[in-house]
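Coordinate-derived values only; no laboratory data. Every value quoted in this text rests on a predicted model; they were computed, and no experiment measured them. Don't worry about glycine lacking a Cβ; one is built from the backbone with ideal geometry, like all the others, and counts go over all protein chains shown.
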Amino acid sequence: MENTEIINKAIDYAKYHCCSPDISVGEIAGNAGFSLDYFGSIFLAHTGFTVSGYVNYQRLKKAAIRLRRSNDSILEIALNSGFESHEGFIKAFKKRYGMTPSDYRNENKSKALTLADISDVSVVSRFLHENPDLKPLPDSAWDDLLECDFKLYAYLFEIAAAQDARLAEFSDGGNKAILYLFDDLSGMLPVNIISDAPDIAAKLIKRFAESCPSASLTTALSPDQLKNAFESAGIMPKTVYAISRFCGEKPKFSLPDGITVKRLCQADIPEIEKVRDRLPVGYAHHLTNPLDYADPYVLEYGVFKNGGLIMTAGCGLSDYSGVLINDSILFYLTAEKPDNNVFRQVFAAIVADIIDLGAVPYDDIQHGSYAEENGGFTSQDAGFETVGYVYKF
């Protein structure tokens with residue numbers, strides 16, 4: 001059995017049994033079919049963790065999720081996560097998260113989990129170990145990208161930060177490309193390439209497309225500019241879509257008679273309850289949970305016709321890059337589908353409100369089949385400027 005397979009088996013065992021207080025390095029090594037002598041050094045090389053450090057990392061991650069999603073006491077969570085004492089848990093948690101478990105719970109209780117909260121950082125370490133020609137980059141490398149092209153990379157950075165992505169660099173002579181990598185929880189690591197050099201972009205896609213089914217390319221280059229490079233490499237993207245950013249003055253809008261748009265708040269819960277069964281279950285729970293309205297980064301809008309709720313529109317804000325941005329506006333119908341003009345005007349009204357909040361509106365949803373079903377217009381039609389493209393392979 002190759003070392004990679006051994007490490008994968010050991011990781012699966014450690015994840016499943018990490019909350020057992022009696023789990024040992026020898027037990028993990030033995031289950032993977034490896035002698036204890038060299039297991040620790042091989043595990044560290046592949047994952048970036050010592051074996052005990054990885055078990056502790058998994059325990060703390062599980063504990064953090066329980067703090068956010070349950071009302072169990074700190075002591076119960078500590079013991080159920082594999083820690084032998086309340087004091088040891090608090091010390092380890094504070095070292096990992098920079099705050100006590102109680103403070104973490106108070107700060108995050110009303111916030112939704114993101115991929116970064118539940119991802120496993122060892123996934124990227126294993127990938128980099130298996131591809132030694134990729135040079136890991138510090139998080140500060142994002143600063144250089146943002147300075148180079150804020151309109152393109154600020155959007156990408158918000159996505160990458162929510163995924164707990166790490167950066168790596170590939171060099172081929174004078175040409176370079178950036179890869180951002182994260183655990184998508186499927187067991188298959190997505191490889192996301194960032195490059196404006198056609199030949200190196202095509203080379204990397206060809207290299208990783210077979211082993212990483214969700215490989216993608218983010219670039220400022222249009223399909224016409226990449227056509228020759230793709231054809232020479234014998235590859236073809238499955239889908240291409242534009243990354244858009246609102247550019248210009250605040251959009252004007254004219255809502256039809258009887259239609260109003262407002263930001264939803266806790267006082268609107270009784271009205272939402274009337275149409276709860278017409279919304280996705282998870283989203284309905286979110287809209288009727290008073291605690292969720294405490295998060296200033298989550299925006300929900302209600303569209304009312306003659307006082308009745310006919311549609312909601314969800315979006316959120318983030319500021320990982322230091323600038324407040326919004327990445328999409330997603331419609332949910334609660335009544336008969338309105339005509340396309342209502343969608344257009346509601347979209348414009350929400351964009352205007354986002355700008356009034358001091359945020360930069362982006363869009364990653366109002367295109368393709370979604371746009372056809374929800375208003376028959378794209379964000380470009382609504383005044384958004386295309387600043388880059390994503391190619392999925």
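With +1 on the Cβ of every Lys and Arg and -1 on the Cβ of every Asp and Glu, and nothing else charged, how large is the dipole of the chain about its Cα centre, in debye rounded to the nearest 20?
In debye, rounded to 20, the chain gives about 540.
With only alpha-carbon atoms counted, please give the Rg and Dmax of the chain, in Å.
Radius of gyration, then largest Cα-Cα span, for the chain: 23.8, 76 Å.
Using +1 at the Cβ of each Lys and Arg and -1 at the Cβ of each Asp and Glu in segment 3-109, identify which of A64, S20, Y38 lies farthest towards the dipole's positive end.
Positive-most Cα among the choices belongs to A64.
How far, in degrees from 0 to 90, does helix 3-17 lean away from the longest principal axis of the Cα atoms of the chain, to the nearest 10?
70 degrees
Treating the angle as unsigned and between 0 and 90°, give the value, to the nearest 10°, between the Cα long axis of helix 86-97 and the longest Cα principal axis of the chain.
60 degrees
Enter the mean projected area of the convex hull around the alpha-carbon atoms of segment 137-182, in nm², rounded to one decimal.
3.2 nm²
Towards the positive end of the charge dipole of the chain, with charges on Cβ (+1 Lys, Arg; -1 Asp, Glu), say which of S232, I350, P361 has the farthest Cα.
It is I350, whose Cα lies furthest towards the positive end.
Need one number for segment 122-237: average projected area of the convex hull over its C-alpha atoms, nm².
Taking the Cα atoms of segment 122-237, their convex hull projects to 7.2 nm² on average.
Along the charge dipole of the chain, which of I243, S125, A313 sits closest to the positive end, that is, farthest toward it, with unit charges on the beta carbon of Lys, Arg, Asp and Glu (+1, +1, -1, -1)?
A313
Sequence neighbours fewer than 8 away in the same chain don't count; with that in mind, list the aspartates and glutamates whose C-alpha is under 18 Å from K305.
D257, D268, E271, E273, E336, D339
Along its principal axes, what span do the Cα atoms of segment 327-379 show, with the longest given first and each in whole Å?
33, 21, 17
Hey, could you get me the Stokes-Einstein D for segment 54-119, Kirkwood radius over alpha-carbon pairs, 37 °C and 0.692 mPa s, rounded to whole µm² s⁻¹?
Result for D is 281 µm²/s.
Please state the charge dipole magnitude for segment 122-237, taken about the Cα centre, from unit charges on C-beta atoms (+1 on K and R, -1 on D and E), reported in debye and rounded to the nearest 20.
300 debye
How large is the Kirkwood hydrodynamic radius of segment 259-384, counting all unique pairs of alpha carbons, in Å?
14.9 Å
Relative contact order for segment 1-138: what percent, with Cα pairs under 8 Å and sequence separation of 6 or more?
So the answer I get is 24 percent.
Segment 176-223: Rg/Rh from Cα coordinates, Kirkwood Rh?
0.97
Against the longest principal axis of the chain, how steep is helix 223-233, in degrees 0 to 90 to the nearest 10, with axes from Cα atoms?
In the chain, helix 223-233 runs at an angle near 30 degrees to the longest axis.
Give, rounded to the nearest 20 debye, the magnitude of the charge dipole that segment 233-367 has about its Cα centre when Lys and Arg contribute +1 at Cβ and Asp and Glu contribute -1 at Cβ.
320 debye
Using Stokes-Einstein with the Kirkwood hydrodynamic radius over Cα pairs, what translational diffusion coefficient do you get for segment 3-109 at 4 °C and a viscosity of 1.567 mPa s, in µm²/s rounded to a whole number?
After rounding, the answer is 90 µm²/s.
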